[in-house]
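What follows is a set of notes on a single structure, which appears directly below.
The values are calculated or read from the model by the stated rules, or taken from the named source; none is laboratory data. Nothing here was measured: the structure is a model prediction, and the numbers come from that model. In this analysis, Cβ positions are derived from the backbone assuming ideal geometry, glycine residues included, and neighbour counts consider all displayed protein chains. Just so you know, the surface numbers come from the protein's heavy atoms only, side chains and all, with ligands and any DNA or RNA stripped out. Shrake-Rupley method; radii C 1.70, N 1.55, O 1.52, S 1.80 Å.
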Amino acid sequence: MAARILHRLRHALAGEGGREERVRGGSEAEDFPESSELEDDTEGLSTRLSGTLSFTSHEEEEDEEEEEEDGAGVELGEPPQPTGAAAGAEDGERPGGSLLTRQLQELWRKSRGSLAPQRLLFEVTSASVVSERSSKYVLYTIYLIRSGRFDKAPAAIARRYSDFERLNRRLRCRFGCDMAGIAFPRKRLRRNFTAETIAKRSRAFEQFLSHLHSIAEIRRSPEFLEFFFLQDLRAAQRLTCTGMYREALATWANAYRLQDRLGVCGSGRFLLTLAGLAVCHQELDELGEAHSCCEQALQLLEAQGSHPLLGPFLQAHVHLAWKVGKDKRRSEARLQDLREAGPPLQQQPTLKECLIKEPLE
């Protein structure tokens with residue numbers, strides 16, 4: 001069916017004159033017009049996909065090379081290596097349109113999976129002038145967007161010029177060579193609050209963050225990462241300590257999304273975020289959600305024999321599993337192992353106590 005549709009489209013675009021040229025060109029093109037059309041489309045697809053690699057960072061390129069060495073990737077610009085019936089076609093057997101369609105689908109699937117990595121985009125969605133008692137500044141709201149995917153709940157931050165300037169100064173102190181070619185909008189003595197200045201700075205901040213994220217060493221640095229989520233973690237901790245669990249839950253959730261977009265879901269900060277989510281869900285009597293957060297944390301801690309949050313997460317998971325009617329035998333077994341290897345669990349703090357006492361500097 002796909003071959004016939006492509007055949008009709010080719011006739012519609014080329015017209016009768018193009019058809020006569022194919023007839024004069026030889027019987028092979030006349031007998032199998034859909035095959036040559038699909039081959040052309042495969043080449044065009046490879047060209048389009050290879051264009052997306054211009055945004056690939058050094059780290060992502062290294063990952064792609066490893067995948068290709070393992071045989072999981074396909075080099076763009078070349079069709080997949082034929083096997084079976086396709087190899088016979090090279091020896092003189094006439095290929096079928098369905099075979100080439102499968103090759104095209106396989107190329108697209110593998111290219112999407114390994115050779116077209118997702119980009120993280122930074123978009124200033126709004127800017128507002130804030131007037132306080134002794135100061136006036138512009139607050140920029142930035143969304144972190146993964147290209148090629150739809151995020152139901154956006155990850156967003158709100159930062160002012162001085163926050164960006166502080167980040168720029170810290171990164172230049174540590175990564176002088178890498179930062180040499182990165183532009184930063186300079187200060188102005190006047191007209192800081194005009195629509196034109198705010199619009200220009202918005203675009204400049206987008207480009208600034210995108211450029212930073214494209215450099216592997218910078219995007220993995222604490223200075224860059226904590227620029228996005230440390231403020232939320234501190235605010236969420238304060239709200240949790242004061243018993244404002246609903247407000248704290250929203251802030252913990254945004255910190256979770258930020259770390260997810262930035263690809264740091266295995267860090268200690270992320271475990272603390274899961275602890276905050278579990279505590280707030282439990283305090284709000286949302287036990288199923290709290291249980292899921294504990295399960296995710298225990299999966300991350302699976303390979304670790306000891307961690308300050310392992311015992312508290314296990315105790316919380318056992319309690320919540322009993323409440324919601326889930327299996328708790330594995331967590332109980334791990335708790336027993338901790339009892340035999342370490343101090344009594346009664347002396348260990350609860351998940352909420354760990355959360356409150358954790359220093360966020």
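Could you do me a favour and compute the accessible area per residue for region 249-318, 1.4 Å probe, result in Å²?
Values: 2520 Å² over 70 residues.
Normalised by residue count, the accessible surface of region 249-318 is 36 Å².
So what's Rg/Rh here for region 297-337, counting alpha carbon atoms and using the Kirkwood radius for Rh? Mind dumping the intermediate values first?
Details: Rg = 9.7 Å, Rh = 10.3 Å.
Looking at region 297-337, the ratio lands at 0.95.
Solvent-accessible area of HIS317, probe 1.4 Å, all protein chains present, reported in Å² to the nearest ten, please.
10
Place a point 7 Å from Cα of MET244 in the direction of its Cβ. Which residues in region 279-300 have their backbone N less than 16 Å from it?
Residues 280 fall inside that zone.
Just to confirm a number: summing +1 for Lys and Arg and -1 for Asp and Glu over residues other than ASP285 whose beta-carbon lies under 14 angstrom from that of ASP285, what do you get? Write out the running numbers ahead of the final one.
Values: positive: ARG246, LYS323; negative: GLU283, GLU286, GLU289.
That works out to -1.
To the nearest 10 square angstrom, how much accessible area does LEU351 have with a 1.4 angstrom probe?
In the full protein context, LEU351 sits at about 10 Å².
Compute the distance in nm between two label points, each set 7 Å from the Cα along the Cα-to-Cβ direction, one at ALA341 and one at GLU217.
3.6
Project the alpha carbons of region 218-361 onto their principal axes and report the range along each, largest first, in whole Å.
41, 32, 25
Where a Cα-Cα gap under 23 Å defines reach, which lysines qualify for LYS136, not counting those fewer than 8 residues away within the same chain?
In chain and number order, the partners are LYS187, LYS200.
Taking all protein chains together and a probe of 1.4 Å, list TRP252, TRP322 from the most accessible to the least accessible. Walk me through the numbers before you get to the answer.
Working: TRP252 0, TRP322 170 Å².
The most accessible residue leads, giving TRP322, TRP252.
Report the net charge of residues surrounding LEU139, where surrounding means a beta-carbon distance below 10 angstrom and charges are Lys +1, Arg +1, Asp -1, Glu -1. Before the final figure, lay out each step's value.
Numbers: positive: ARG159, ARG160; negative: ASP163.
Local net charge: +1.
With every protein chain present, what accessible area does THR125 have (1.4 Å probe, heavy atoms only), rounded to the nearest 10 Å²?
Counting only protein heavy atoms, THR125 exposes about 70 Å² to solvent.
Please list, short to long, the whole-number percent of alpha-carbon pairs of region 240-301 in consecutive 10 angstrom bins beginning at zero.
25, 55, 20, 0
Label VAL324 and ARG160 with points 7 Å out from Cα along Cα→Cβ: what is the distance between them in nm?
Once both label points are built, they end up 4.0 nm from each other.
Once the other residues with Cβ under 12 Å from the Cβ of GLN315 are scored (Lys, Arg +1; Asp, Glu -1), what is the net sum? List each step's numbers first, then the result.
Details: positive: LYS328, ARG334, ARG339, LYS352; negative: GLU332, GLU353.
Once positives and negatives cancel, what remains is +2.
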